[in-house]
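K.L.:
One structure, as structure tokens, below. Some questions next.
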Amino acid sequence: MVVVIVIVVVVVVILGGGVLAFNGLVRRRNRTQEAWSEIDVELKRRHDLIPNLVETVKGYAAHEQGTFEAVTAARAGAISAGATGDPAKIAPAENMLSQSLRSLFAVAENYPQLRAVESFLQLQEQLTATEDKLEYARRYYNTSARDFNISLQTFPRNLIAGPFGFHAVGFFQTDEAERAVPEVSFASPSVPPATRTATASGVPSPTDAESAGPRQ
């Protein structure tokens, strides 16, 4: 009788541990999926902003066709990679898109007229905000993915992970330097104030006086 009770207790403990381990894996997997959904939302918002940004810049730099085509192609590649749901494929495509965007902003910097275009400034601000949210979502996802993957490898969860269809997930790695939206500066080189004042008043600057030398 005692043996039966011991067996029953052992079976109950094992089943209870298995249930707790299973529920823990489910919670971590759901958290990881939720974190990825946040990344997906920000990526789609990013993709939606790009066409309007390209069209705005194109209105002032129509001859920069190569840059516009590169951005459009990179965006199409990022959308195609996003459809797979695989971080290992999405991250490189998004990095390529980030590089093309940097080229686009480099083109925009050559056209000071754009500083008066409110739509361009708003798009730049929205894209910057989206990149900030995307970076936060990426870190949250990677943390959740790390915790989930560790739980798959620890005992006793590793005994039930495979049979119940739990698999490790990939990290979403990006080049943080490429992610940053460059600030477009329309400032032109300025003449030092002292030189401007001297020139405007008709008085030669000290440098001019020295270069002229003494008069004979």
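Quick note: the coordinates plus some simple rules give every number you see, no bench work behind them. Only a predicted model underlies this, so the values are computations on that prediction, with no experimental measurement involved. Here the Cβ is made from the backbone with ideal geometry for all residues, glycine too, and neighbour counts use every protein chain on show.
K.L.:
If the viscosity is 1.002 mPa s and the temperature 20 °C, what Stokes-Einstein diffusion coefficient in µm²/s follows for region 75-140 when Rh is the Kirkwood radius over Cα pairs?
P.N.:
159 µm²/s
K.L.:
For a quick protection proxy, order the peptides 162-168, 117-123, 15-21, 87-93 by their average other-Cβ count within 10 Å, most packed first.
P.N.:
87-93, 117-123, 15-21, 162-168
K.L.:
Between LYS58 and ASN158, what length comes free when the chain is fully extended (0.36 nm per residue of separation minus the Cα-Cα distance, one decimal in nm)?
P.N.:
That works out to 30.5 nm of additional length.
K.L.:
When the chain is fully extended, how far beyond the present Cα-Cα distance does GLN113 get from SER37, taking 0.36 nm per residue of separation?
P.N.:
The GLN113-SER37 span can extend by a further 23.5 nm.
K.L.:
For region 37-94, with only Lys/Arg (+1) and Asp/Glu (-1) charged at the beta-carbon, what is the dipole magnitude about the Cα centre, in debye rounded to 20?
P.N.:
Here the size comes out at about 80 debye.
K.L.:
With each label point set 7 Å from Cα along the Cα-Cβ vector, what nm distance links GLN99 and HIS167?
P.N.:
The answer from the label model is 2.9 nm.
K.L.:
In addition: Once you put a point 7 Å from the Cα of LEU121 and another 7 Å from the Cα of PHE22, both along the Cβ direction, what distance in nm separates them?
P.N.:
It works out to 6.0 nm between the two label points.
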